[in-house]
1. Select from the range 142-179 the residues that are outside any loop (DSSP other than H, G, I, E, B), among the hydrophobic types (A, V, I, L, M, F, W, C) and at pLDDT below 85 and write down the one among them that is nearest to the chain's Cα centre (by Cα).
2. Which one of the conditions (1) modelled with pLDDT under 90; (2) within 27 Å of Val156 (Cα to Cα); (3) of a type in the set (A, V, I, L, M) does Met2 fail to meet, given that it meets all the rest?
3. Residues that are of a type in the set (A, V, I, L, M): find the helices (runs of 4 or more DSSP H) completely inside the range 19-112 holding 3 or more of those.
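The values are calculated or read from the model by the stated rules, or taken from the named source; none is laboratory data. Keep in mind it's a predicted model, so treat the numbers as computed, not measured.
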Amino acid sequence: MMKTTFFNLTVTVSLLVSTVSFGQDGEKIFKANCAACHTVGKGKLVGPDLQGVGERHPETWMLKWIKSSKKLVKSGDAEAVRLFKENNGMPMTDQLLKDDEIKTVLAYIKDKGTAPVKTEITPTSEAVVTTALAPAIATLPESPSWLSRFSISEYVLLTLVLLMGIIIWTLSSTIKTLVASEK
């Protein structure tokens with residue numbers, strides 16, 4: 001029984017540590033959430049090139065913009081409205097990231113390269129479809145407030161913990177049954 005408890009504790013701590021380190025890696029978060037639409041120093045993709053974004057906008061404003069550009073545009077924020085119009089009225093997808101994760105991504109963007117490359121990237125067919133769907137996307141309801149409290153890494157952690165619990169419970173029940181049948 002003591003070995004099983006120690007094993008459960010070890011697995012849980014390992015999962016927590018790996019998830020926390022994943023959540024703090026700006027490059028991984030950028031690639032998972034931003035790279036489909038943005039580059040850093042390689043020109044406009046679907047959304048603008050993010051090279052130097054930290055000099056163009058204050059961090060507090062970017063936190064609001066990244067979490068929900070639609071909400072910021074609807075509030076009448078002049079800079080948000082300008083960016084929205086500048087990008088053909090296509091809203092940025094709301095990001096379910098915590099402030100710390102966004103700050104980690106912003107630090108990654110700031111550290112990545114110093115000179116922007118002046119190459120224009122041709123939009124993929126996915127980008128063309130996304131642009132065509134922009135009016136429909138703009139009318140989508142905002143994500144529920146309770147949902148935005150969790151990051152992707154926390155969803156992954158919860159799923160892994162639940163799966164490990166099921167596996168451990170199943171193994172424990174099987175072992176108990178085998179031990180009981182031997183008596």
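1. Initially, the range 142-179 is screened for residues outside any loop (DSSP other than H, G, I, E, B), giving 147-149, 152-179.
Now restrict to residues that are among the hydrophobic types (A, V, I, L, M, F, W, C): 147, 152, 156-158, 160-164, 166-169, 171, 175, 178-179.
Those left that are additionally at pLDDT below 85: 147, 152, 156-158.
Numbers: Leu147: 13, Ile152: 6, Val156: 11, Leu157: 14, Leu158: 16 Å.
Ranking the candidates gives Ile152 first.
2. Failed condition: (2).
3. The qualifying helices (runs of 4 or more DSSP H) are 59-67, 78-86, 99-111.
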